[in-house]
Structure formats: C-alpha cells, structure tokens
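First comes the structure, then the notes that go with it.
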Amino acid sequence: MRRTSARAWIVPSIYAVAALATGVTLPRLEHWVWFDAFSSISSSSAIAIYSTIASGTMTLSAIVFSLTFVMVQFGATAYSPRLALWLAEAPLTSHALGIFTATFLYSITALAWVDRDDVHGVPLGAAVIVVLLLIASIAAFIALVKRVAVLQVSRLLAFIGDRGRSVIVTFCAGSRTEARDEHISPSEPPTQVLRHGGRPRTVQAIDAESLFRLACAANARIDVVAAVGDTLIEGTPLVCVSGTATRISERHLRRTIHLGDQRTFEQDPQFAIRLLVDIAIRALSPAINDPTTAVQALDQIGDLLMRLGRGSLSGGAVRDEEGTVRVVTPRPSWEDFVRLAFEEIAAYGASSVQVMRRMNALLSELAAALPPERRTALADWRRRLETSIGRHFADVDERRDAFVRDRQGLGLSRSGQ
C-alpha cells in the first residue's frame, strides 16, 4: 500500500538520484561507445542553454511550492481542513518537484562535460536528455496549473464524487467468500488481542486477503475490531484472534492494518461523503451563506447513495472452502451512509428553503429507485425532514414552498411526483 506521507520526499529523491547517476554515467558511455557523437550546437551556446534551464527550473520549483501552498490554504479555508493534507500530498505535486529537481541537477552535470578534457564539443546524449527534461518540466507545470483549477467548487465536488464512485465499485463488489446475509458474532473468547501502540493514527485500509491466509494457517478466526476510517489511540484494540491456541505473529497482523495520518479514499466510501458534507455545511454557515453550493454537494451525495443502495453492503465475514468463518471485518450499514449524508446538512440547512426542496427531491428519487430494504431509512429521514420544515418555517406559504421537490433547489417544482 502506498504511503502518501513518505511520497513527499521519496519521489523527488528518486528523481534526483536518477538524474545524477545518468549525468555521471551517460557521457562516459558515449565517450567509450559513441566517441564521435557530438551535438552540432557550439559549446558557448550549450553552456548558455544549460545554465538558463538550470536557473529556470529553480524558479519553477519555487512556483510549485507557491501553488501547493495556495491549494492547501484555499482548500482548508474554503472547503474542508480534511482536504489540506490530501491536496498537499497529491502524486502530481511530488512528481513535478522530482522532474524540476532532475532537470536542474542534470543540467548542472551536463555543463561539466562541455569541452571537457580538451575534447571540444557537446555530448549528443546529454543535449537530448536536457531538452526532454525541459519539455517534461513544462508539461508538469501545465498539469499543476490545471490542478489548481480543480479548486473551483463545481470541479472539486465532481472530483470528490469521482473518487467516491471508484471506491464504491470495489466496496460493493466484495469477495467470493464473503457472507452477505448475516451478522456473525464471535462464539468464543479471544485468545489473542492486538492493540495499537504509539501516537494516534487512522485506519486507511484492511488487507482482508492476508488476514484470511493468516487465519487459515493458524486454523483460527480473526475479528477486526477497528474499522476503516477509525482513529486509534494508545491501547485501542485492532484485531482479536479466537479458536486456536497458536499465537499469530503480531508483526504479520500489524502489516494487514494500514495506518496513516488521515483517512483516504482507498477502502472508505464514507470519506467521499464526509468531504462533500463538509463542503455543504461550510457553505451553509452564516459567514458564507451559499446554499447553492450545498445543493451541488447534495447532487454528488445523491449519486453516491444511489450506487451504494443498489450494491451489496451487508456482510463482512470471509469463509474458507468448508464454510468456516475465518475473518470478520466491520463495514458501515446503509443506515450509516444515510445518516452521514443527511444528518448535518439537514441541521445546518434547516432554515434554507433551497436545501429543503433539494433534499425532498433526493429522498423521493432514492425511495423510488432503490430496493424495498433500503426504503425504511429513507422513510425515517422523510419524516424527520417534514418535522424540521414544520418547526423552522412558521409561515404557511413558506412551509408549502419548502415541501416542494426540486432537484435544483429553486428551479423546477415537482410537487406532483
């Protein structure tokens, strides 16, 4: 599993080492193998070009840091603090810094081989690589500028929704050994309990396949106590092993629970909904008062709920070929997703007719499109929404307007649907 916190310095370091290694070895290979391969440009021109490229990439590096700072600050203040680290540790940022670093270091190294050892000329391979690195740097810079454009609210909401949709496909697919129709409680007391040690960390992913192999090898059952998205403190139980007297290696168990500094999208569809809700309730705050953004967030939330409601959410038990439960992992229920999607937006947008109308339309669409077992939670929220509208809209006309179903909030009424 990738470690986003390590990428910030590992990726640029790899680029830097590769650039230095290439800059040292390639000219020697050219001298030994293609000793007559020289560029047609003059030595003075090559020196000027290499120097300009080296100094220019340093400027680009400073711009990258500035762009990253703007992305982090704007994302944290305008949308959600949970976006800050995610934007800062984006792969594009690390690779862009690595490309700029490689271009600078290789250009400096290439300068050392111009007119070296009284051999007049510019090595052809070095000149070609410098030009290619320059093109790569320009491309990386353009990509970063486009990345900043993602911070526009509509694009950011769509981007978060896309990440949520991609993880829902995997989340609802499950595995062929997963029990989907029952909740399985442990029948025996645990013989081994693995607890978290150290500073607070967040569960980013659970490797159920590796846990399954460990459980089968020890003829045991492993219950994962911590769910994806949980923040662990000192002494928090991670997994419980039962059904065997054999102790499983704690090192192997810990390797199956991937921890980090914040939640990720990898196995956590709730995180996408969490970010969308954060953006919605921040838009509904009195300081911003932007219910249209909340409606746009509900558009993405509604699509995620539709996909979740049509998928398989129950189950978390993995059985072996004989039907014995080997691994049980905690999974959020449909009610958990619905509560996360509506609870805070309904509270902070209770006095917004635009938000109430959009939520009315969304609940109606979900209830009409999803299977019967999903409709109980939606009906409960419909009653809660009606109660909230009755409490916050004293005027009869305003109350009637708030009950209207409108996908745009204040656009096209669909009271007859």
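The values are calculated or read from the model by the stated rules, or taken from the named source; none is laboratory data. Note that the structure is a prediction, hence the values are computed from the model and not measured. All Cβ positions, glycine included, derive from the backbone under ideal geometry; neighbour counts span all protein chains shown.
Data table
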| read-out | value |
| --- | --- |
| Count - residues of region 338-367 that are outside any helix (DSSP H, G or I) and either crowded, with 19+ Cβ neighbours inside 10 Å or not polar (S, T, N, Q) (or both) | 3 |
| Residues satisfying the stated conditions in region 238-264, i.e. polar (S, T, N, Q) and crowded, with 20+ Cβ neighbours inside 10 Å | Thr256, Thr264 |
| Search result, residues across region 384-398 that are assigned to a helix (DSSP H, G or I) and touching a residue at least 24 places away in the same chain (Cβ under 8 Å) | Arg384, Leu385, Ser388, Ile389, Arg391, His392, Glu398 |
| Positions within region 206-231 being among the small types (Gly, Ala, Ser) and touching a Gly at 6+ places or on another chain (Cβ under 7 Å), in sequence order | Ala220 |
| Region 248-277: number of residues that are closer than 15 Å to Glu209 by Cα and of a type outside the set (Lys, Arg) | 6 |
| Qualifying residue in region 399-406 (condition: part of a helix (DSSP H, G or I) and either loosely packed, with under 15 Cβ neighbours inside 10 Å or touching a Lys or Arg at 6+ places or on another chain (Cβ under 6 Å) (or both)) | yes |
| Hits in region 226-250 - residues which are hydrophobic (A, V, I, L, M, F, W, C) and farther than 15 Å from Gly197 by Cα | Ala227, Val228, Cys240, Val241, Ala245, Ile248 |
| Looking only at region 304-337, and only at residues there that are touching a helix residue (DSSP H, G or I) at 6+ places or on another chain (Cβ under 7 Å) and surrounded by fewer than 18 Cβ atoms within 10 Å (Cβ to Cβ), the one that is farthest from Gly243 (Cα to Cα) | Met306 |
| Residue under evaluation Leu370, criteria (1) closer than 26 Å to Thr170 by Cβ; (2) buried (at least 19 other Cβ atoms within 10 Å of the Cβ), criterion not met | (2) |
| Every residue from region 373-383 that is surrounded by fewer than 18 Cβ atoms within 10 Å (Cβ to Cβ) and either in contact with an Asp or Glu (Cβ under 9 Å, 6 or more places away or on another chain) or not in a helix (DSSP H, G or I) (or both) | Thr376, Asp380 |
| Test result for Ser154, part of a helix (DSSP H, G or I), within 28 Å of Phe69 (Cβ to Cβ) and modelled with pLDDT of 85 or more | no |
| Matching residues in region 198-228 - criterion: being outside any loop (DSSP other than H, G, I, E, B), aliphatic (A, V, I, L, M) and either buried (at least 19 other Cβ atoms within 10 Å of the Cβ) or not assigned by TED's automatic domain parsing to the domain that holds Leu275 (or both) | Val203, Ile206, Ala208, Leu211, Leu214, Ala215, Ala218, Ile222, Val224 |
| Selection within region 163-197 - within 19 Å of Leu253 (Cβ to Cβ) and either modelled with pLDDT under 90 or in a helix (DSSP H, G or I) (or both) | Pro186, Glu188, Pro189, Pro190, Thr191 |
| Among residues of region 282-301, those that are touching a helix residue (DSSP H, G or I) at 6+ places or on another chain (Cβ under 9 Å), among the hydrophobic types (A, V, I, L, M, F, W, C) and over 14 Å from Arg358 (Cβ atoms), counted | 1 |
